[in-house]
1. Is it the case, given these coordinates, that residue 303 is more than 25 Å from the chain's Cα centre (by Cα) and surrounded by fewer than 21 Cβ atoms within 10 Å (Cβ to Cβ)?
2. What number of residues in segment 287-300 are within 19 Å of the chain's Cα centre (by Cα) and under 12 Å from residue 395 (Cα atoms)?
3. If you scan segment 326-343, which residues turn out to be modelled with pLDDT of 95 or more, buried (at least 17 other Cβ atoms within 10 Å of the Cβ) and under 24 Å from the mean Cα position of the chain (by Cα)?
4. So which helices (runs of 4 or more DSSP H) are wholly in segment 1-60 and hold at least 3 residues that are under 17 Å from the mean Cα position of the chain (by Cα) and either at pLDDT 95 or above or buried (at least 24 other Cβ atoms within 10 Å of the Cβ) (or both)?
5. Does residue 136 satisfy the criteria of being in a loop (DSSP other than H, G, I, E, B) and free of Cβ contacts under 8 Å to residues at least 24 places away in the same chain?
6. Only residues that are in contact with a strand residue (DSSP E or B) (Cβ under 9 Å, 6 or more places away or on another chain) and part of a helix (DSSP H, G or I): list them for segment 253-282, please.
7. Checking residue 292 against (1) farther than 30 Å from residue 177 by Cα; (2) in a loop (DSSP other than H, G, I, E, B), only one condition comes out false. Which one?
8. Going through 234, 249, 292 one at a time, which residue ends up being more than 17 Å from residue 45 (Cβ to Cβ) and surrounded by 18 or more Cβ atoms within 10 Å (Cβ to Cβ)?
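The values are calculated or read from the model by the stated rules, or taken from the named source; none is laboratory data. Given the structure is predicted, the values throughout are model-derived calculations rather than measurements. Here Cβ is always computed from backbone atoms with ideal geometry, including for glycine, and neighbour counts include all displayed protein chains.
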């Protein structure tokens, strides 16, 4: 429920998830797993790792959140979403347990994913943290490897208002004697991760100490990255994938050291086929030749995306922009290009900020445009106004992108 409602839907302990999993026969311990946390990039990293493992011949479960179009996107095996009929049967079968425990939506979804992966006998499951790490419902697994991606300012009301505090919550997934890959160094977060790894006697791997991907040629099939003497075609857009790719390559090294047979061919194929193998969407994704979208919704994410948008060729820029109510609106709006025309929208969730209120906040930051209400209305207005050499960008919230994808289906 958090994605729709916000802080009021959160439960700050693991007791419900533990009770559910214990009643279901501890499914979370019946398969090998990787655990991925972080502020930005964890969905991309989880999807890349799942894709590589699949290309290595494993049967791979993938749990991610939130979903964009369908709830079943959250739970996948070898890229295929869990059947709706299985979800219905699970809920009906375990209704007495659910009514007794009264779990949150996320707690129930996590337990459901673990039960599905165990029932289907996956070789490996890649589990993305929902929010934070230490008290996240996914943090009942015993992973073979943990990965923590870039740390930034988001959900500060829940995780803390300094990078060190936020990193401390993410570091809560670090397990005893279990290797942990950190995507990149930062002076405020490094001591936190070092202390947590030392306390757990967990091998600590700094990804960008080993890999420094450099941008190569952009092709219709994806972005080429040069890593030493190797070239990888990554099926995900976004210059911000640099640190994510470094984390994935370091994680593959750790998995190999743990005895997993992952060939270089599997890595190459997995990175190129990540979208087909995982279903991941909304990462610098082109919906049409002149329509681009991305789910970036916090300061660090938006700053990275806007830098890339500004580098693209276009005559005029049209921004279909919406946000949820519990974000750093002014700090994010200041990062947006002032020369663009804005189409202010409200994402279709209860947390969505009213388009008129967002427009007023945008005007205070020197951004001008029109209030459109829904994403569909904003996209229609942008399309009507855009010339053949103009660019339309859709973003500001995962839920804005979800609404746009629903329109494009």
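1. Values: more than 25 Å from the chain's Cα centre (by Cα): no; surrounded by fewer than 21 Cβ atoms within 10 Å (Cβ to Cβ): yes.
Spelling it out, it is not the case that residue 303 is more than 25 Å from the chain's Cα centre (by Cα) and surrounded by fewer than 21 Cβ atoms within 10 Å (Cβ to Cβ).
2. The total comes to 7.
3. Passing the criteria: 332, 333, 335, 336.
4. Details: elements: 2-5, 15-23, 42-55.
Result: 42-55.
5. When the stated conditions are applied, residue 136 does not pass them.
6. 253, 254, 255, 264, 267, 268, 271, 272, 274, 275, 277, 278
7. Of (1) farther than 30 Å from residue 177 by Cα; (2) in a loop (DSSP other than H, G, I, E, B), only one is false for residue 292: (2).
8. Step by step, each of 234, 249, 292 is checked, and only 292 is more than 17 Å from residue 45 (Cβ to Cβ) and surrounded by 18 or more Cβ atoms within 10 Å (Cβ to Cβ).
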